[in-house]
Amino acid sequence: MSSWSFSFLAAGALALAVLALGPLIAHLARQDPIERQAFGAMMLVERLVRRLRRRRRIQDPVRLAVRLLAVLLVVVATARPGLGIPDTALRLGGVGRVVVVLDNSLSMSLEEDGALRTLVGQGGASEGTLLARARREAVALVRELPPDARVGVVAVVGPEGGPERILPTLVQDPDRVVRALEAVQPSWSGTDLAGALREARSLLGGEPGEVVVFTDEAGPGTVAGAVPEIERILAAGGRVLPRGVQDASPRNVTVSTVTYGGGVEGGSLRVGLTGFGKGEAETVVTVTLPDGSRMTAFVQVPGCPGSDAPGDALPACEPVEVRFTVPPEVPGGVASVALSGDRLASDDTHWFHLPRVGPSRVLVVDGDPGPTPIQSEVYFLERALAPWGGLGTGVRPEVTAPDGVPDLDLGQYRVVFLANVSEPRPLADTLSAFVRGGGGLVITGGDNVTPERYNAALSTLLPAPLRRSRNLVSFDVEEGVPLVAPDTGEELFTPFARQGRAGFTAVRVRRAILFDPVPGDVQARTLLALEGGLPFLLERTVGRGRVFVLAGTVDLAWNDLPLQAVFLPFVQRLVTCLGGESADATARFEGTVGEVVHIPLPGPSLAPRVADPDGHAVSTHGIPGWIRFTPQRPGPYTVSVEGAPPLAWVAANPPAPESDVRRQDSLARAESALDPTRLQRRVELGLPALAGALLLMLLQAGGWTRHGG
Amino acid sequence: MIPWEPEVLSRIRRLALVARCAVEGVLHGEHPSRALASSVTFADYKPYAPGDPVRDLDWRVWARTDRLVVRRTQAESDLPVLLVLDASGDMSTRPGGSAGDRPPIEGNKAGYALGLLATLAWYLYLRREPVGLAVLGGEDVPWRILSPRAGRHQLGSILGVLASVRPSGRADLGRGLQVVAAGLRRRSMLVLASDLMEEVESWAPALHALGRRRTDVRVLHLYDPRELDLQFPRPARFFSPEGGAPLALDPAGVREDFRAVVRAWTEEVRRAVTAWQGLYLPVPTDRPLADPLFRLLSGGSRRPKPACGRA
């Protein structure tokens, strides 16, 4: 709100305040009468004095104060004082140029308390929303304007997503203005009040004019962000006349956070709900998974009251969390959390990405089936991957020969082990796509691994070019080179921080594949090394996936790693790290309605199509290698190329600040801070002061203050 | 000694005139006070017991009934009356006037008290009752205490003292009554003429002590109605002739409160006086002298006939 001010038009008249000495002198003079009188009942007078003492203490100063006040009021009246009262009531100054700014952001779709929820059209617009009220008031305003007034209309959220002129110029046609106002539709976007004021200023063309803003003033920083524009409008001689359109008791519940936690199989979904406004709210939370299955919970959400004084810091609102247990197997995709029983329906559905949930299918490509179990990599790997037949571990291993790989859909797997495969070339493209799409590839060494073939076929996947393997020790008499204990700060070895880390040092390696230096443009690093520095386990990130190369074998041919206690947890952890994400090729992005989403493309020549939640094409713009678009409504958006699986999913949600429907700040207060006189109405106090002085004098004359002493 | 000054002699004559007129008015009334009369009266008989005076035997009864009885009578004695005058400075003021040397016989509390006590002395002289005078406070008092005696000479002394006294200073009623009580016979009457302008707690104990010893205490509470109604035209600095700091007062503004104070104080005084069977008589100074005198003697309220004009 605007602040108060007090001023005098004739401040010099205050010099007359010396007149106040008159009653003061008279008062003091009356304290000591001149005449003396002998009195035979002074004892009773003393009793009387005691009786009156308390009253005299009050009345005497009161009488003096009344007389002084009467004189001072006369003096003040001659000084013509005026009181500046905050006044946001619309009083157009007659400059003839008016721009109506209509806030149609998401928070303006709040159903007013007690209003009937008569949903009309897209977005849940109804006649009971703040926007509807704002529109009605704006129409009434336009109807009352002088006929020669030229009027423009700006919507905070236009059809293109940002602040926009509904009328290109100021017009002198009230009916056209009203039609423009009625064309403003509710939106899911945030409140760009600064942008709207900028448009209004542009409409005024630098000339003085009045910008009437119909807004709920909700959303953190909305008003503060508009201050520079207000300042520019004031500098141009204009005024901003805010018309607050607030609900008496705004309340809203929204989904503030959605987090999927847990392992690669099942897990839990934690949904944070935040209530804004006074009082506790009850809501039904429904989670819809990508496969269409639903989970429902009834939640009581505590309130979070606002402040009675705009501009004060609002208390932070703590969310309440509700958990859902995700079924053991769920396909990945865009899921949603929906709330019910809310006055702001537009933000009641929150979209989020859910990774593929279920057992990690691991493909072991056995390149060297051994004659005995201990001479077979698969034997040890199978036991490490599924020590109890796969029950309860979340890993489902499948073994195949290299020839069988082209027939398989690698998208069904999360990790592929290439165990001592001699000829990787037929698998190169498949594996490359698999890794780039998010899959994990583990290449283990062995006698079948030939550096030339691997370097030629998998150069885009290998952390470093391979060299030939060689014996590190005398194979028959020495036990091998030990491993160096790994860094438990690495994600792969985090579980070994408390214990087990030393188990790696028990591994003895007698033969290993050597590596060329890591090329400069490759993101690769050594996770395990032999004493002496030779790398034993290297990692490279490719696309959304990762590749591990083990310089040793997963059987006993070159080392005793499979015999060590750390082997099983090491392999399990390897799968967990590699298989946490879905191995499909679809990228996942978060988006906010009204804000541009940037999506990198696999290739610069691709021209994908973006579809909104209803499947309609969305206009895009971009640069080579990127595609950009602005979601206009919440929901799942897809980016895809004709005839191919989607390149990316975008979960678009309304801007979170719009859910906080509490009034945050005041345009009037902000404008008053810039120029205190703009939104004030001057009340002349001269006559009331004079009347007060006369009244006090009459009371004096009437003996109101007469008493003894 | 009484200063035989012309002024004093004139005042004595004036007092005598006032007193005689007032007394005549009283005597023309119906019944003088029975309490002031004294006589020897038969009380009753009692059987003779060894040790009883033989001269009290009633031989006539023995002759008729053959029984020895003793005749008992009430003690035969005069009832001495002590008049006590409050001659404090407060007694000599009046609205519109100031404290003078000797108060006029009429118009203020002191003058009214002088006339009243002179009248009472005159009346008792006529009744041949012993009467005395004690003066509390004041100046130029020939004798502070004249013990009760009968006779013309005593009357002259009383009138002389009353004519000479110059009210001033404090009366110190409590202390004065204690001194007076010390020289007073047990069966006697004390008539106090005062405005009682001292705190009740200061004099009530002495009065109660007199009551406890069965002294007939009668208090003539003199007051000036105009004074107690604060009939002063304009604000002034009010002061007491007895001393003390003056107080600025707007009479019109505090009149109602002052009346309330007076009512409370009067009730307080009445309760203090009557607590031990004392007789309390409020005496406004604008009434004829015979009026309070008649009420004092008779306890009735009927007014006596006027005798010598107004007084």
In segment B:215-234, is there at least one residue being of a type in the set (S, T, N, Q) and either touching a strand residue (DSSP E or B) at 6+ places or on another chain (Cβ under 8 Å) or not assigned by TED's automatic domain parsing to the domain that holds B:A87 (or both)?
yes
Residues in segment A:495-515 that are modelled with pLDDT of 90 or more and in a loop (DSSP other than H, G, I, E, B) total 2
Check segment A:239-247 and report whether any residue there is closer than 22 Å to A:P655 by Cβ, at pLDDT 85 or above and open to solvent by 40 Å² or more (accessible area, probe 1.4 Å).
no
Can you pull out the residues in segment A:537-570 that are at pLDDT below 90 and open to solvent by less than 10 Å² (accessible area, probe 1.4 Å)?
A:V542, A:G545, A:V554, A:D555
Tally the residues that are more than 45 Å from the chain's Cα centre (by Cα) and open to solvent by less than 40 Å² (accessible area, probe 1.4 Å), restricting the search to segment A:473-502.
5
Test set (1) touching a helix residue (DSSP H, G or I) at 6+ places or on another chain (Cβ under 6 Å); (2) in a helix (DSSP H, G or I) - A:E452 fails condition number:
(1)
Tell me, which residue of segment A:1-21 that is more than 57 Å from the chain's Cα centre (by Cα), closer than 13 Å to A:V74 by Cα and modelled with pLDDT of 70 or more is nearest to the other protein chains (Cβ to nearest Cβ)?
A:L19
Tell me which strands (runs of 3 or more DSSP E) are completely within segment B:97-204 and hold 1 or more residues being within 14 Å of chain A (Cβ to nearest Cβ) and open to solvent by less than 10 Å² (accessible area, probe 1.4 Å), or say none if there are none.
B:189-194
Does B:V283 fit the bill of being among the β-branched types (V, I, T), more than 11 Å from chain A (Cβ to nearest Cβ), open to solvent by less than 40 Å² (accessible area, probe 1.4 Å) and not in a helix (DSSP H, G or I)?
yes
Just checking, which of A:S422, A:S459 is free of Cβ contacts under 8 Å to residues at least 12 places away in the same chain and either in contact with a strand residue (DSSP E or B) (Cβ under 7 Å, 6 or more places away or on another chain) or part of a loop (DSSP other than H, G, I, E, B) (or both)?
A:S459
Has segment A:324-335 got any residue that is at pLDDT 85 or above, in contact with a strand residue (DSSP E or B) (Cβ under 6 Å, 6 or more places away or on another chain) and either under 30 Å from A:A673 (Cβ atoms) or open to solvent by 30 Å² or more (accessible area, probe 1.4 Å) (or both)?
yes
Answer yes if at least one residue in segment A:195-212 is closer than 30 Å to A:E590 by Cα and in a loop (DSSP other than H, G, I, E, B), and no otherwise.
no
Index of the failed condition, A:R201 passing every other in (1) open to solvent by less than 50 Å² (accessible area, probe 1.4 Å); (2) modelled with pLDDT of 90 or more; (3) touching a helix residue (DSSP H, G or I) at 6+ places or on another chain (Cβ under 8 Å)
(1)
Candidate set: segment A:355-377, residues that are open to solvent by less than 10 Å² (accessible area, probe 1.4 Å) and either at pLDDT below 85 or among the β-branched types (V, I, T) (or both); chosen: the one farthest from A:R633 (Cα to Cα)
A:E377
Can you tell me which condition A:S346 does not meet? The list is (1) farther than 21 Å from A:V549 by Cα; (2) surrounded by fewer than 22 Cβ atoms within 10 Å (Cβ to Cβ), and all the others hold.
(2)
Residue under question is A:V211, and the condition is that it be open to solvent by less than 40 Å² (accessible area, probe 1.4 Å), under 30 Å from A:A651 (Cα atoms) and not basic (K, R); does it hold?
no
Exception for A:E282 within (1) among the acidic types (D, E); (2) farther than 30 Å from A:V253 by Cα; (3) modelled with pLDDT of 85 or more falls at (2)
Specify the residue that is most open to solvent (accessible area, probe 1.4 Å); the eligible residues are those in segment B:250-279 that are of a type outside the set (D, E, K, R) and away from every other protein chain (no Cβ under 14 Å).
B:Q277
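Matching residues to (1) open to solvent by less than 60 Å² (accessible area, probe 1.4 Å); (2) modelled with pLDDT of 75 or more; (3) closer than 26 Å to B:D216 by Cα:
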{"position": "B:P3", "(1), (2), (3)": "yes, no, no"}
{"position": "B:L15", "(1), (2), (3)": "yes, no, yes"}
{"position": "B:R20", "(1), (2), (3)": "no, no, yes"}
{"position": "B:G29", "(1), (2), (3)": "yes, no, yes"}
{"position": "B:A37", "(1), (2), (3)": "yes, no, yes"}
{"position": "B:A43", "(1), (2), (3)": "yes, no, yes"}
{"position": "B:V54", "(1), (2), (3)": "no, yes, no"}
{"position": "B:R60", "(1), (2), (3)": "no, yes, no"}
Out of A:V522, A:V518, which single residue is open to solvent by less than 30 Å² (accessible area, probe 1.4 Å), among the hydrophobic types (A, V, I, L, M, F, W, C), assigned to a loop (DSSP other than H, G, I, E, B) and in the same structural domain as A:S459 (by TED's automatic domain parsing)?
A:V522
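The values are calculated or read from the model by the stated rules, or taken from the named source; none is laboratory data. What you are looking at is a predicted structure, and each value in this text was computed from that prediction instead of being measured. Here Cβ is always computed from backbone atoms with ideal geometry, including for glycine, and neighbour counts include all displayed protein chains. Heads up: the accessible areas ignore ligands, DNA and RNA and are worked out on the full protein's heavy atoms, side chains in. Shrake-Rupley method; radii C 1.70, N 1.55, O 1.52, S 1.80 Å.
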